[in-house]
Amino acid sequence: MKSKRILFMVILMITFMGCGIQNGTKTLRLGHGLDVSHSVHKAMVKMAEDLSTRSGGKLKLEIYPSQQLGTERECLELLQIGSLDMTKVSVGVLENFAPKMKVLGLPFLFRDRQHSFDVLDGPIGEMLLNEGEKYWLKGLGYYDAGSRSFYTMNKPIEKPDDLIGEKIRVMESATAVNMVKALGGSPTPISWGELYTSLQQGVVDGAENNPPSFYLSRHYEVCKYYSLDEHTVLPDVLLIGTYVYDKLNEQEKKWLNESVKESVKYQRILWAEAEEEALREVQKAGVQIIRPDKTLFAEKVQSIFEGYKEDKEMYSLIKQIQETN
């Protein structure tokens, strides 16, 4: 299996070595793991159209969705060696390459959605986008991935104590594990692809994710309780390899950055629509939507924040985010 993966990576290196230039047109290649129906992919298509228009066809974008070029981590590695130009990854994956990004995974860090946008679109967000440059990864912008909430099979989660004894699927993230533990649950890391079967078989009692993911994964067929505590906001990050970015001239960088900004604005509109549709459709399917008192959950996870006091740099960053207006 390992030898096949290495061979796959070598083939991609040869095929996609750097951005292509033909007949005066420079083409950037973007690989990601999402389906073409996802709001992020649709926003990328708009970005490609805008980039071509702005540059008069001199700078173009080719998009390879649905893991055609590998997983999120594999695409990051291809960016690092200059064999792929751009990709999109979740913050959870990126924190392994840009450690400060893990701050965005802290529960109840943001007061509301607008607060998260104010932080991500401001100087703190810009600083975090540049965190991966020493690993040859430059962030260009943040796509909205909503807020994550708990969904369960056997009982509604109306207060933190309702999680006691419940096995909750989490990502392979130390922050996610600590959060569920602090709330009284039993965190159980399971891959996303195995989660539906794990719910059916009772390996776990529930999971946590945003409304579109809950809906599109069809987990609502098994879990009939969705508690909108909205504990974490984990954006997706659009990246370009520094190897490629540094070779763009100032005009090309301007075209690209302007197209990214328009893409981000467009995706946030699409995401809001997708969230509304998801909640509407799961309710039609018999899911009970619970809107608990979020302060009860926020109080329970304060110990996670206190644990960062000894890390002065990270604790200062947390405070800056919390104090952003």
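Figure legend. Inter-residue proximity from the range 115-130: first residues closer than 15 Å to L239 by Cα and in contact (Cβ under 8 Å) with a residue 60 or more places away in the chain, second residues outside any helix (DSSP H, G or I) and small (G, A, S), beta-carbon distance below 7 Å, spacing 6+ or different chains. Indicated pairs: L129/G139. The set of residues in the range 189-237 being among the charged types (D, E, K, R) and out of contact with any Ser or Thr (no Cβ under 7 Å at 6 or more places or on another chain) consists of E194, R218, E221, K224.
From the list T232, T197, T175, which one is among the hydroxyl-bearing types (S, T, Y) and open to solvent by 60 Å² or more (accessible area, probe 1.4 Å)?
Details: T232 fails: open to solvent by 60 Å² or more (accessible area, probe 1.4 Å); T175 fails: open to solvent by 60 Å² or more (accessible area, probe 1.4 Å).
Answer to the selection: T197.
Restricting the range 35-76 to residues that are over 18 Å from E262 (Cβ atoms), among the charged types (D, E, K, R) and not in a loop (DSSP other than H, G, I, E, B), the residue that is farthest from the chain's Cα centre (by Cα) is E62. Can you spot a residue in the range 280-302 that is more than 26 Å from W192 (Cβ to Cβ), in a helix (DSSP H, G or I) and at pLDDT below 95? Within the range 280-302 (the criterion being more than 26 Å from W192 (Cβ to Cβ), in a helix (DSSP H, G or I) and at pLDDT below 95), the answer is yes, since at least one residue qualifies.
Residues that are basic (K, R): which helices (runs of 4 or more DSSP H) entirely in the range 77-169 hold 1 or more of them? Please lay out each step first, then the result.
Values: elements: 91-94, 113-120, 123-129.
By residue number, 113-120.
Report, by residue number, each residue of the range 81-97 that is crowded, with 17+ Cβ neighbours inside 10 Å and over 17 Å from E172 (Cβ atoms). Can you show your working first?
Filtering the range 81-97 for residues crowded, with 17+ Cβ neighbours inside 10 Å gives 82-95, 97.
Passing the criteria: G82, S83, L84, D85, M86, T87, K88.
When S259 is tested against the conditions (1) open to solvent by less than 60 Å² (accessible area, probe 1.4 Å); (2) at pLDDT 95 or above; (3) over 19 Å from Y142 (Cβ atoms); (4) in a helix (DSSP H, G or I), the lone failure is (3). In the range 260-283, the count of residues that are touching a Leu at 6+ places or on another chain (Cβ under 7 Å) and under 21 Å from P156 (Cα atoms) is zero.
Just give me the residues in the range 50-72 being without any contact (Cβ under 8 Å) to a residue 12 or more places away in the chain and either within 17 Å of L140 (Cα to Cα) or among the hydroxyl-bearing types (S, T, Y) (or both), in sequence order. Outline the logic, then answer.
First pass over the range 50-72, keeping only residues without any contact (Cβ under 8 Å) to a residue 12 or more places away in the chain: 52-53, 56.
Within the range 50-72, S52, T53 meet the criteria.
The values are calculated or read from the model by the stated rules, or taken from the named source; none is laboratory data. What you see is a predicted model, and the numbers here were worked out from it, not measured in a lab. Cβ: placed from backbone, ideal geometry, glycine included. Neighbour counts: every protein chain shown. Heavy atoms of the whole protein, side chains included, go into the accessibility calculation; ligands, DNA and RNA do not. Shrake-Rupley method; radii C 1.70, N 1.55, O 1.52, S 1.80 Å.
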